[in-house]
1. Which of the residues that make up the range B:84-100 are surrounded by 24 or more Cβ atoms within 10 Å (Cβ to Cβ) and assigned to a loop (DSSP other than H, G, I, E, B)?
2. Output yes when any residue across the range B:223-236 is in a helix (DSSP H, G or I) and surrounded by 20 or more Cβ atoms within 10 Å (Cβ to Cβ), and no when none is.
3. For the subset of the range A:324-335 comprising residues that are touching a Leu at 6+ places or on another chain (Cβ under 8 Å) and not aliphatic (A, V, I, L, M), which member is surrounded by the fewest Cβ atoms within 10 Å (Cβ to Cβ)?
4. Quick one: count up the residues across the range A:29-60 that are surrounded by fewer than 17 Cβ atoms within 10 Å (Cβ to Cβ), within 26 Å of the chain's Cα centre (by Cα) and part of a loop (DSSP other than H, G, I, E, B).
5. Test of understanding: among B:T54, B:T35, which residue is β-branched (V, I, T) and within 13 Å of chain A (Cβ to nearest Cβ)?
6. When the range A:336-382 is examined, which residues are found to be surrounded by fewer than 24 Cβ atoms within 10 Å (Cβ to Cβ) and of a type in the set (A, V, I, L, M, F, W, C)?
7. Just for the range A:405-431: of the residues that are within 11 Å of chain B (Cβ to nearest Cβ) and under 30 Å from A:S358 (Cα atoms), which one is modelled with the lowest pLDDT?
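The values are calculated or read from the model by the stated rules, or taken from the named source; none is laboratory data. Since we're looking at a predicted model, the values are computed, not measured. Methodologically, a virtual Cβ is constructed for each residue, glycine included, from the backbone with ideal geometry; neighbour enumeration extends over all protein chains shown.
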Amino acid sequence: MSSKADDLESLIGQKYRHGFVTDIESDTVAPGLNEDVIAFISRKKGEPQFLLDWRLRAYRHWLTMTEPHWAYVDYPPVDYQSISYYSAPKTNANAPKSLDEVDPKLLETYDKLGIPLHERARLAGVAVDAVFDSVSVATTFKDRLAKAGVIFCSFSEAVHNHPELVEQYLGTVVPPADNYYAALNSAVFTDGSFVYVPKGVRCPMELSTYFRINAANTGQFERTLIIAAEGAHVSYLEGCTAPKRDENQLHAAVVELVALDDASIKYSTVQNWYPGDENGVGGIYNFVTKRGECRGARSHISWTQVETGSAITWKYPSCVLLGDHSSGEFYSVAVTNHRQQADTGTKMIHVGRHTKSSIVAKGISAGRAQSSYRGLVSIQPGAEGARNFTQCDSLLMGPDCGAHTFPYVEVRNPGAIVEHEATTSRIGEDQLFYLRARGISAEDAVNMIVSGFCKAVFKELPMEFAVEAQNLLAVSLEGAVG
Amino acid sequence: MTSHAEAPSTAPLLEIRDLHARIKDRAVLKGLNLTIGRGEVHAIMGPNGSGKSTLSQIIAGRPEYEVTRGTVRFEGEDLLPLAPEERARRGFFLGFQYPVEIPGVNNVYLLKAALNAKRKSHGLAELDAFDFLTLVKDKMRVMRMDESFLSRAVNEGFSGGEKKRNEILQMLTLEPTLAVLDETDSGLDIDALKIVADGVNTLRAPDRSIVLVTHYQRLLEHITPDFVHVLANGRIIKSGDRTLALELERRGYDWVLEEAAA
């Protein structure tokens, strides 16, 4: 009766559904990194001098730094000279003005990914910026947003049309010297999204950016900057995919969020970069710095992430709570299967008085994957009445995977209240059998158990993305049990 | 009352022949025979560790057990190659001795998924939310369960009594042809026992059979069995009518064990 298919250990068998390559002619710079390449990128984008200078300062600093190796991940050294730092589809030397000018092959690519860019086909209420390799190829709903005073465009466009805003805010949350990958990104970043929501405006729709790596041997270094002025509200979602390739590809993004008085930013990520195959060949190295600053009083920043892809994830979306009564949240589901490794978590830095933060991190490991939660809760001396609540739960599927928790807590104000709860559980044969004995298939039973485990995080996602995230989870763990 | 015309009426509902099974290297069933006809209520009693729960789990298809010899036929068909979910969809139900907690999954979600999985396999349309709720609320009244229960996570934070009532609610919702209730009476106070027994009794029907696996005769005061079996050392060693249960209550199991050894 004990057939092999019933065996919890015969987990694993994942299909990546976004692994196709778009055959499109690209303008790709030769591999290698030096000041000429940086000048080339800056020239290609027609950037003002301040930005080129800023890039070069970052690059010179990067040269003095060493790769961080404290994360619980293991991978061969990255050869930064073998990566191409710029790749753009050749058609339309200048950014297309409207969707009708976008290369049909690109539109097709996004259709295949389930992100139709034609506005009429798009779910009402979501504007999309589509970034393909190093450039943004289209941004939808721009006009409607402009009417509300919201600026939503590619980073390159922002540099041209709103250089004062870029100069004022760029690098103020994640300075170029912050860490190795942030410095690299500052030197070579190519595109990304820019959002500015002016004072008192509630952004009339969800904003989203869809990142796609297509070209081989390139890295993607996008930069996103979101500013919510006094009393502004915005909800933003980011999605990512890449073709299946045997080589590892580097993705080193920087995201900066700024919330002024009474502003709120909700940032959600569904990350589905190619994770590599069952044996750990290929996949994206996802080394990302994301940080939000609650600069204003009563401001609020919330990070929600569903991480299912990438061979290696190194990512700690954080909140710096400067304003009094400001609050930060971090909700995370990190799924690792096969040979994937994830070291992810958050930092909550309490500076202002009566600042609040909450962290809910759910890690799921299957196959031979290793998943770590790494978090810092820091209460600065002036953070009178600060509060933090942290909950980390790990779910293990099968005997060969691992889950680790590295919570760091620094409390320098005696009045602070910091709570931490952590659990580790194994998907039980008992749970599985119980559901199957009720007529539910093994696959559905696993999905049910995993969804239940992630519920506290999924309910934070915008509705349509919650469904997408749930489906993605099901795909990532396909064949993981039974 | 409609009967399953396509089912071979001559075959008993469940027929177990010479069943041997083991878990890891330990033999747990050693030549067990048991036949259950339609509309019958059987009680399986026996000392601790005799294999009662094992038998229930094996019939339900628990993967960890390996059947080494013998047959189990359900409505004339070989049950052993079927996955647990397939057995459930064909009309088998196991009421768990220790119902399992599934955090974050609502009761209503599980019940609906279970019922619709069964309906789908029988070529029936899935019930929509309204019809389903009407049905399940009806059953909840029988089990005297509060509606707030539907939005609670499966068995999480339930008292022992609530868990057992939940098992019976699932059974009433799924309307199985054969229900094996594994120590459903353990851990119940007298009021809860009565509610559970009432629930089980509403399911009794000429084409439906129930097996009560129990230590004690007190459940049998509320659900009268047609047959009582003693399971010991991996086999049925004695069968009788309900007076056997009363005798076991009075005299314990030793005399049956001695009789069997003789």
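1. B:F96
2. No, the range B:223-236 contains no residue that is in a helix (DSSP H, G or I) and surrounded by 20 or more Cβ atoms within 10 Å (Cβ to Cβ).
3. Among residues in the range A:324-335 that are touching a Leu at 6+ places or on another chain (Cβ under 8 Å) and not aliphatic (A, V, I, L, M), the one surrounded by the fewest Cβ atoms within 10 Å (Cβ to Cβ) is A:S327.
4. Number of matching residues: 2.
5. None of the others qualify; the one that does is B:T54.
6. Listed by number, the residues that qualify are A:I349, A:V351, A:V360, A:L376.
7. It comes out as A:G428.
Conditions (1) polar (S, T, N, Q); (2) part of a helix (DSSP H, G or I); (3) more than 21 Å from the chain's Cα centre (by Cα); (4) surrounded by 14 or more Cβ atoms within 10 Å (Cβ to Cβ), marked per residue:
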position	(1), (2), (3), (4)
B:Y109	no, yes, yes, yes
B:K112	no, yes, no, yes
B:N116	yes, yes, no, yes
B:R119	no, yes, no, yes
B:L127	no, no, yes, yes
B:D131	no, yes, yes, no
B:T134	yes, yes, yes, no
B:K137	no, yes, yes, no
B:K164	no, yes, no, yes
